[in-house]
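Structure first, then comments.
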Amino acid sequence: MATFYVFLGAPGVGKGTQAKLLCATLKLPHISSGDIFRENISRATKLGKLADDYISRGELVPDRITNAMIRERLGREDCSKGAILDGFPRTEGQAEALEKCLVELGGRIVAVFLIEVPDEVLLERLCGRWMCRAQGHIYHEKHHPPLQPGICDIDGSELYQREDDKAETVARRIHVYMEETAPLIEYFERQGLLRHVNGNQDVNTVANQIFKAIGERVS
Ligand code: AMP
């Protein structure tokens, strides 16, 4: 049966970083709803045009659009053994849609990692965050600066600051998380899937906590 892992947590807790590390270990694809939207916006597709306004306001893209996008993505061949979901689901409607979709695909959620960090740390992390254009590698001007300013260490592409990482939009995104996504904590707790992860530690310590929770040996 295909196995799916979900990363849950407020913007800036490190979901993307940890999801990528787990993908490398489990050899499963990384499905980030935010990355798929950004890629569509940069290619000016129909989906990108639909999502752009919501994203720049720091609001959620409506479930109807997001669910259809994820259903299509999870139906592709590379997800036949499962996937790591980063940033999806973000509402109860999305969680229910995911459940249905996994029944159709013959998969199940194995664990939901809730990464937690104090609010003041979130703000600081998001406002200093830089991303690479090619593959979304993440840097921080204070905690993880690139070797050469403005250039990704890994693929040499340009680094940029996300439009929605500006202070005002960040505050909105955190508010939206509390209102719409935080109820999922109870939802997954009821299903016995939730694993609490302390995200206020260095990247490797957080990763080790996650690997331990799923019984993977740390490499
Ligand atoms: P992220 O990269 O996960 O922080 O997502 C960036 C933005 O994309 C969010 O602030 C939302 O506007 C949108 N987005 C990403 N994932 C979802 C989702 N599951 N549901 C609705 N909107 C989403």
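Throughout, read-outs are computed from the coordinates displayed, never taken from laboratory work. Quick caveat: nothing in here was measured; it's all calculated off a predicted structure. Glycine gets a Cβ as well: all are built from the backbone with ideal geometry, and neighbour counts include every protein chain shown.
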Query raised in the report: Taking the Cβ of residue 114 as the center, what net charge do the other residues with Cβ under 14 Å away carry, scoring Lys and Arg +1 and Asp and Glu -1?
Result: 0
Report summary line: With only helices counted (DSSP H, runs n ≥ 4, each -39500 (n - 2.57)), the per-residue ellipticity at 222 nm for the chain, to the nearest 500, works out to -13500 deg cm²/dmol
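Mind checking the dipole of the chain: about its Cα centre, +1 per Lys or Arg Cβ, -1 per Asp or Glu Cβ, Debye to the nearest 20?
Result for the chain is approximately 540 debye, rounded to the nearest 20.
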Report summary line: For residue 81, the aspartates and glutamates lying under 18 Å Cα to Cα, once residues fewer than eight places off in the same chain are dropped, come out as 72, 99, 104, 216
Report summary line: In terms of the charge dipole of region 1-134, which places +1 on Lys and Arg and -1 on Asp and Glu at the beta carbon, the residue among 18, 114, 80 farthest towards the positive end is 80
Report task. Pull out a ≥ b ≥ c, the square roots of the eigenvalues of the alpha-carbon gyration tensor of region 1-124, then state rounded if a/c is under 1.5, prolate if not and a/b is larger than b/c, and oblate in the remaining case. Result -> oblate
Report task. Could you work out how far the C-alpha centroid of region 77-137 sits from that of region 163-219, in angstrom? Result -> 9
Query raised in the report: Magnitude of the Cβ-charge dipole of region 130-219, K/R +1 and D/E -1, about the Cα centre, nearest 20 debye?
Result: 260
Query raised in the report: What are the trypsin sites (Lys or Arg not before Pro) within region 108-141 that DSSP puts in a loop, where the Cβ has at most 14 other Cβ atoms within 10 Å?
Result: 133
Report task. Over 21 Å between C-alpha atoms is what I'm after, so list which of 27/212; 27/142; 15/212 land there. Result -> 27/142
Report summary line: Cβ-Cβ cut-off under 12 Å around residue 98, Lys and Arg +1, Asp and Glu -1: the net charge is 0
